[in-house]
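First the structure, in the form of structure tokens, and then the observations on it.
The values are calculated or read from the model by the stated rules, or taken from the named source; none is laboratory data. These numbers were taken from a predicted model, which means no experiment stands behind them. As a convention, Cβ positions derive from the backbone with ideal geometry for all residues, glycine included, and neighbour counts pool all protein chains shown. SASA here: full protein model, heavy atoms, side chains in, ligands and nucleic acids out. Shrake-Rupley method; radii C 1.70, N 1.55, O 1.52, S 1.80 Å.
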Amino acid sequence: MRLPMRLLETLTGRDLSADSVAGHLERVGFPVEEIIELLPYDPQVRTAKVTGVFKHTDNGVLLTVETDEERYYAYSHVEVAPEGIVAIGFIKSPIAKDVLAGRNDAAAAVLVEKDLGLEEDRPVVLPPDTPLGVMLSDVIESTVLDVEVTPNRGDLYSVYGLARELSVLWGERFVTPPAPRVEIGSDVHPFRLEIEAEDAVHQYYGFAIDGVGVAESPFWLRWMLHAFGVRPVNNVVDCTNYVMFLTGQPLHAFDAARIRESVVKVRRAKDKERFTAIDHKCYALSSDCLLIADKNHPLAIAGVMGGVDSEVSESTVRLFLESAEFRKQAARGSIEKTGLRSESGKRFAAGIDGAMVRDAALVFIDALAEMNPDLLVSGELAYGAAMDKGSVSLGLAKLDSYAAKRMDPEKTKRNLELIGFEVDLKKDSLKTKVPSHRNDILEDVDLIEEVLRLSGYDDLPSRFGWRAERRGQRHPLSKRIEQIRNFCSGLGLSEVYSLSLIPMQDVPEELQAAITPITNPLSERMSVLRPSLLPGMLAVVSANVRFGNSDLGIYEIGQVFTKGEDSPSEKTHLGILLTGNAAPLQWDQGSRSVDFFDLKGIVEMFFERFGIKGAHFEPAEPGYFEDEACLVKMDDAAVIELGRVSSELLEHFDIAGEVYFCEVDLAVFEAVTSDESNFEGLPRFSPVERDMALLLDANHSAADVVEFVRSHAGPLCTGVDVFDSYVGDPLPPGKRNLGLRLCFMPRDGNLPKEELDRIIAKTGERVAAKFNALVRGRESDGS
């Protein structure tokens, strides 16, 4: 939805900055995708009044114009009506300098609509009350916000709705302007209304309007539609579009002369009934489609698109104006069957403001009357009334529970009242009357979302928590996640958040069998529940790379979903991702890219930090990982898969560098994590290291050998590390040289050399027997 800033300022009576408005809308959940500058800042383009024609030239006309204080000669290559107010550009204006180049007889050029981005080559003619000598950008729309509106908030598809939403920004409730007074010429309507599909219509108003002259719209209206992103058609159609963007209420104007037998019906379409829309395409309809029809022929698909048989044209002198409230399901059924998309259909499908239905028609009539002085409303048809949206109550304790903090009841009441709710605040609850424009407030959780949104998501505690089985207790996983956050942050990793809803095409092929699709997704970008944290984290990497940040170490804690028998299975996972350089560039050392062993080291530190024992690494088959990949198993069950992400998946996300990723099911690790803490005094004796070199079959994994040595080297051995691994000449084929370093920590006194020799010899014999290895050892001092 486009929001013209000058129109917003006029409606609210406030001087507003685009940045502050955009910032507030983003804070309450409606980000501004773009701030569009329709007119660049140009102090050399001013308003002026044409006072006469000085002379005609071979390729135009030289006019006399005046601003508030000065008079000038202005050149125009097209005719300009005398006494009109126009826009002129002086020689320093980028718009006018080419037109004035080489001309010594004019100080300014009259701007045409093409200069401002419209299609027509005609002068920019402004309303008669336009002040003279001011910058053009001060009197017409120059800045527009393109606001992303969620489909459940149909009330925000209008300037009125967005102004109401912004009331919290300046702390004063926005009141929609009262409807203009319109005289109805007769109580007897020249048309008869028949509502056959009563289940699909809440309200219907029909106005017979005479004295219509269909013509091109004035510049101010065409420019306003340009700001809304809509192409102008004629004054009647343009007025309906303008009122729709202003109020949120779609209107439709029929050529009254083409409504047969003066009957207007609202009925369901017949199966396979044919209808030709104003796009001149023929559609086959079904009973899912709601129609506006005359005695025998369809005139429009209700709320979606009109037909060529009743389209307004230059010969139209009489209108039948429709303003209605159709049920959301009726509009959605017509859209789904025909595939037709329109601005009006979008609003009806999301739900409109029932209190605005008649008022919007009066705004249209008033606007059209300014262009047609002889306009006469000869009759009004009315059916139905605005629905009462009911009341919703909310316990303050439940609100605080969802917010994970105490919410100020008075501020909550004030914020809800600013956006149109009536609030009755009691000691431990509040009761709200839902305003007519809100079709999405049905229960207390909807109200909680409103309160939290308006108070600011940034003010909510940023933590991941679960409720314990008993009140007052803390869920163990909630505590564990804070510990994991501290661990990851301590390693220099940055936490990221991504959406649980992702596009289908972002899911790796190996995981697509487990996905859960969304029945009615908000968009294609939110069509499935994520089965893994990987797609969202790759999207984060892709966005960072586009902005020049390619060195990343990130983690995410979030929910993943896999297909279940009755409902999706939901689990909490930890994802860790590394890409780019392992460390910042330094003058005294070269750069090094992250590799598989950086990630493997983090996983090993994770095990050590949380007391996880019995985990071992095994090679993994390539999937969405390639080449370097392994599984971490516990009790023969794979609990972690880590490795280098496949180049095919990285290409999908437009990532050029290598990416390493692992994912952990936190519920599995919570079951094996130990909360016991063992404390030991500082050692009084120096540690001793001994190296052991093994020649063994290459198919033995280093992890198995290390684990065996650690378990058989005795209680004094505090660590076993691999310092060398070699395959190739001059070793025999199929053999591998593995170098191990054993660390011993004496407890009661320095260990004699003889005792260490005995331990190494005994351990070596067991290794030789277990792995059919040749063993030799040396002391750490090289002797």
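Of note:
- Within region 620-649, residues that are assigned to a strand (DSSP E or B) have Cβ atoms under 6 Å from residues that are of a type in the set (S, T, N, Q) in these pairs: Glu626/Ser646, counting only partners at least 6 apart in sequence or on another chain.
- The one condition in (1) in contact with a Pro (Cβ under 9 Å, 6 or more places away or on another chain); (2) in a strand (DSSP E or B) that Lys55 fails to fulfil: (1)
- Count of residues meeting criterion [assigned to a loop (DSSP other than H, G, I, E, B) and free of Cβ contacts under 8 Å to residues at least 24 places away in the same chain] in region 131-146: 0
- The strands (runs of 3 or more DSSP E) falling completely within region 362-457 that include 3 or more residues that are in contact (Cβ under 8 Å) with a residue 12 or more places away in the chain and crowded, with 16+ Cβ neighbours inside 10 Å map to 376-384, 429-433.
- When Phe661 is tested against the conditions (1) part of a strand (DSSP E or B); (2) within 30 Å of Phe771 (Cβ to Cβ), the lone failure is (2).
- Set Gly657, Gly681, Gly734: member being open to solvent by less than 60 Å² (accessible area, probe 1.4 Å), farther than 27 Å from Ile554 by Cβ and small (Gly, Ala, Ser): Gly734
- Number of positions in region 491-505 that are open to solvent by 60 Å² or more (accessible area, probe 1.4 Å), among the aliphatic types (A, V, I, L, M) and either closer than 20 Å to Ile602 by Cβ or assigned to a loop (DSSP other than H, G, I, E, B) (or both): 2
- Number of the exception - Ser313 against (1) within 25 Å of Ile209 (Cα to Cα); (2) modelled with pLDDT of 95 or more: (2)
- Pick from region 58-73, criterion surrounded by fewer than 16 Cβ atoms within 10 Å (Cβ to Cβ) and not in a strand (DSSP E or B), ranking: modelled with the lowest pLDDT: Asp58
So that you can scan it fast, the table gives a plain yes or no per residue for (1) open to solvent by 40 Å² or more (accessible area, probe 1.4 Å); (2) part of a loop (DSSP other than H, G, I, E, B); (3) within 30 Å of Ile85 (Cα to Cα); (4) in contact with a Leu (Cβ under 6 Å, 6 or more places away or on another chain):
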{"site": "Asn152", "(1), (2), (3), (4)": "yes, yes, no, no"}
{"site": "Asp155", "(1), (2), (3), (4)": "no, no, no, no"}
{"site": "Ala163", "(1), (2), (3), (4)": "no, no, no, yes"}
{"site": "Phe174", "(1), (2), (3), (4)": "no, yes, no, no"}
{"site": "Arg181", "(1), (2), (3), (4)": "yes, yes, yes, no"}
{"site": "Pro190", "(1), (2), (3), (4)": "yes, yes, no, no"}
{"site": "Asp199", "(1), (2), (3), (4)": "yes, no, no, no"}
{"site": "Gly206", "(1), (2), (3), (4)": "no, no, no, yes"}
{"site": "Gly213", "(1), (2), (3), (4)": "no, yes, yes, no"}
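- Matching option when the condition is of a type in the set (Val, Ile, Thr), open to solvent by less than 10 Å² (accessible area, probe 1.4 Å) and farther than 24 Å from Leu416 by Cα, among Val159, Val134, Val139, Val144: Val144
- Residue count for region 291-330, restricted to those that are over 32 Å from the mean Cα position of the chain (by Cα) and not polar (S, T, N, Q): 21
- Extreme residue, farthest from Ile554 (Cα to Cα), among residues of region 506-522 that are touching a residue at least 60 places away in the same chain (Cβ under 8 Å) and open to solvent by less than 50 Å² (accessible area, probe 1.4 Å): Leu511
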